[in-house]
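Novice: Attaching a single structure in structure tokens format; questions to follow.
The values are calculated or read from the model by the stated rules, or taken from the named source; none is laboratory data. These figures come from a predicted structure and were not determined experimentally. Cβ placement follows ideal geometry from the backbone for every residue including glycine, while neighbour counts extend to all protein chains displayed. For accessibility, only protein heavy atoms count, side chains too; no ligands or nucleic acids. Shrake-Rupley method; radii C 1.70, N 1.55, O 1.52, S 1.80 Å.
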Amino acid sequence: MVKSVSLEVRQERNEQVAEAPVQDKKVVYDTRGLNLWYGNTHALKDIKLEVHENEVTAIIGPSGCGKSTYIKTLNRMVELVPEVKITGEIIYRDKNIFDRSYRVEELRTRVGMVFQKPNPFPKSIFENVAYGPKIHGIRDKKTLNEIVEKSLRGAAIWDEVKDRLHENAYGLSGGQQQRLCIARALAIEPDVILMDEPTSALDPKSTLKVEELVQELKSNYSIMIVTHNMQQAARISDKTAFFLNGEVVEFDATDKIFSNPSDKRTEDYITGRFG
Ligand code: ADP
């Protein structure tokens, strides 16, 4: 499916398809028939979705349609809410994350998360980034220094903080705090980064920085981003899933979703008729 969609988009752009064969990327997350209830609220309905590696996958849709629930299911954080019931499967790298034998701690070391509001710990910039590796048993000072520098560089904030690593993270601006939280996620060397509206609390300049960063990060990570900002999804994602009332209405290449959606409800949403 990926192959034909990419081909179609490139043909629409009149690119020379024959010279650059499209490679099938590996599936990182394969969601199959996923249903989720909060008590009696049926929040996710028969979700089917494949996430491919080294891509940015955006989840869009109106408020309350299940976007945040879905990405919190991918790292099993949603199960912290009482009275959650889940059926179906999420295959992460060939294993069903709901299998009895699956270790949630293992999943969380592979899948980092960045939230809507920057949430640094009340600690120094250095300690924020070193926290995860320390929990995983890394004690050697030199190794920690290297991880902290590499993660801060990866999150495009090193130059701004390298001379104040031992100052409290609360002294940073909102946009800097969010990039610090991305650095904190990178420090555990994840495979996937989940982002739940990561720029909604940021000013336009910081938003742009985070968007540029997401684009850079996808060469090393697979990224899923929930956003209510359709321009943002169009700017930075490769694939887009449109959620409505707990269902995936349409999932396709971002170019296709925004230029020629297959479902009337997607078209109505992206043209601002509702939501
Ligand atoms: P979105 O991220 O698209 O705004 P959510 O995933 O937050 O949507 O919510 C989907 C549905 O699940 C909504 O009806 C919401 O009220 C409900 N919901 C979300 N979180 C909880 C919770 N902790 N307890 C009960 N219902 C919840």
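Novice: As an exercise: evaluate E247 against (1) within 16 Å of the ligand (Cβ to nearest atom); (2) surrounded by fewer than 22 Cβ atoms within 10 Å (Cβ to Cβ); (3) under 17 Å from H52 (Cα atoms) and give the number of the one condition it does not meet.
Specialist: The single condition E247 does not satisfy is (3).
Novice: Also, I was wondering about something else. Name every residue in segment 204-216 that is free of Cβ contacts under 8 Å to residues at least 40 places away in the same chain and either touching a helix residue (DSSP H, G or I) at 6+ places or on another chain (Cβ under 6 Å) or open to solvent by less than 10 Å² (accessible area, probe 1.4 Å) (or both), in order of residue number.
Specialist: Matches in segment 204-216: S206, V210, E211.
Novice: Filter segment 158-174 down to residues that are in a helix (DSSP H, G or I), open to solvent by 30 Å² or more (accessible area, probe 1.4 Å) and in contact with a helix residue (DSSP H, G or I) (Cβ under 7 Å, 6 or more places away or on another chain) and give me whichever is nearest to the ligand (Cβ to nearest atom). Quick ask: steps written out before the conclusion?
Specialist: Of segment 158-174, the ones in a helix (DSSP H, G or I) are 158-161, 169-171, 174.
From the residues that got through so far, the ones that are open to solvent by 30 Å² or more (accessible area, probe 1.4 Å) too are 158-160, 170-171, 174.
Checking the rest, the ones that are also in contact with a helix residue (DSSP H, G or I) (Cβ under 7 Å, 6 or more places away or on another chain) come to 158, 160, 174.
Numbers: W158: 32, E160: 31, G174: 21 Å.
Checking each candidate, the answer is G174.
Novice: Only one of S259, S219 is under 30 Å from N128 (Cα atoms) and open to solvent by 20 Å² or more (accessible area, probe 1.4 Å). Can you tell me which?
Specialist: Values: S259 fails: under 30 Å from N128 (Cα atoms).
Just one listed residue meets the conditions, S219.
Novice: Please indicate, with yes or no, whether at least one residue in segment 177-191 is of a type outside the set (A, V, I, L, M), over 25 Å from M77 (Cα atoms) and over 16 Å from the mean Cα position of the chain (by Cα). Show your work before the answer.
Specialist: First, the residues of segment 177-191 that are of a type outside the set (A, V, I, L, M): 177-179, 181, 184, 189-191.
Filter again for over 25 Å from M77 (Cα atoms), leaving none.
No - not one qualifying residue is present in segment 177-191.
Novice: Considering only helices (runs of 4 or more DSSP H) fully contained in segment 19-138, which possess at least 3 residues that are of a type in the set (D, E, K, R) and either more than 30 Å from D163 (Cα to Cα) or within 16 Å of the ligand (Cβ to nearest atom) (or both)? Even if it seems obvious, please write down each step before you answer.
Specialist: Values: elements: 67-74, 104-110, 125-135.
The helices (runs of 4 or more DSSP H) meeting that bar are 104-110.
Novice: A further question follows. Select from segment 64-100 the residues that are open to solvent by 60 Å² or more (accessible area, probe 1.4 Å), without any contact (Cβ under 8 Å) to a residue 12 or more places away in the chain and more than 14 Å from L36 (Cα to Cα) and list them in ascending order.
Specialist: Correct list: D94, K95, D99, R100.
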